[in-house]
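Structure, as structure tokens:
The values are calculated or read from the model by the stated rules, or taken from the named source; none is laboratory data. In this text the structure is predicted, and so the values were computed from the model without any measurement. Don't worry about glycine lacking a Cβ; one is built from the backbone with ideal geometry, like all the others, and counts go over all protein chains shown.
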Amino acid sequence: MGCGPSKKELSGVAEITGMSKKELQDSYKAFKKEAGGSKVKLDKFTKLVATMNTNKGGNVTEYAKHMFRVLDTDKDDMVNFREVMIGFHNLSTAGDEKEKLRMVFEMYDVDGTKTISPENMKIITRSQYQLEGKPMNEAEIEAKVKQCFGLCDLNTDGQITEEEFYKSGKSIAEMFELEGDE
């Protein structure tokens with residue numbers, strides 16, 4: 001167990017994100033200072049997300065839980081600098097479109113079944129409302145679910161598979177967008 005990312009790991013982050021060595025070093029120092037180490041558990045990650053949330057009255061708890069699940073690529077119940085930097089980069093406009101689609105799909109696949117159910121979509125949509133400090137509006141949530149399923153559930157079986165999601169492509173990803181991440 002080292003005291004931070006290796007040169008190889010930093011090089012991998014630089015290659016994916018386009019960050020300079022100095023930018024990476026500065027970002028890592030800031031991450032380590034905020035995180036209190038080189039890896040963080042969900043509780044600390046939630047606090048970090050809360051400090052970055054610009055939505056007045058927003059509650060990040062549920063949203064952070066789902067974002068953490070997606071960022072924790074090695075499934076060790078912690079996120080490290082590399083996972084966070086690459087994850088947030090991929091979700092940005094500069095990120096890889098296919099990777100962004102994968103991450104958005106995984107965010108909505110709450111139960112890990114490789115499908116998105118209407119209930120999964122409601123869970124994430126509610127967490128977005130909470131993050132943004134919006135009052136819960138079940139009619140709006142139902143309308144979003146119905147619209148997304150109308151466009152993505154190509155075989156109308158009540159589930160959106162990864163294949164259906166990818167076939168729907170970039171335009172549908174915007175509908176599923178993880179608001180506030182850019």
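Among residues belonging to region 152-163 that are touching a Ser or Thr at 6+ places or on another chain (Cβ under 6 Å) and not β-branched (V, I, T), point out the one that is surrounded by the fewest Cβ atoms within 10 Å (Cβ to Cβ).
Q159
Tell me yes or no: at least one residue of region 60-68 is among the hydroxyl-bearing types (S, T, Y) and under 12 Å from L42 (Cα atoms).
yes
Just to be sure before I move on: is F45 of a type in the set (F, W, Y), closer than 25 Å to I160 by Cα, in a helix (DSSP H, G or I) and within 20 Å of the chain's Cα centre (by Cα) in the structure I sent? Outline the logic, then answer.
On the way: of a type in the set (F, W, Y): yes; closer than 25 Å to I160 by Cα: no; in a helix (DSSP H, G or I): yes; within 20 Å of the chain's Cα centre (by Cα): yes.
The answer is no for F45.
Checking G57 against (1) assigned to a loop (DSSP other than H, G, I, E, B); (2) on the phi < 0 side of the Ramachandran plot; (3) touching a Gly at 6+ places or on another chain (Cβ under 6 Å), which single condition isn't satisfied?
All conditions are met except number (2).
Let me confirm something: among G112, G87, which residue is small (G, A, S) and at positive phi? Give the derivation first.
Details: G87 fails: at positive phi.
One residue alone meets the criteria, G112.
Go through (1) of a type in the set (V, I, T); (2) at pLDDT 95 or above; (3) touching an Asp or Glu at 6+ places or on another chain (Cβ under 9 Å) one by one and return the number of the condition T125 breaks.
Single failed check for T125: (2).
Would you point out which residue out of V70, V84 is touching a Leu at 6+ places or on another chain (Cβ under 7 Å), hydrophobic (A, V, I, L, M, F, W, C) and under 30 Å from E9 (Cα atoms)?
On the way: V70 fails: touching a Leu at 6+ places or on another chain (Cβ under 7 Å).
Residue meeting the stated conditions: V84.
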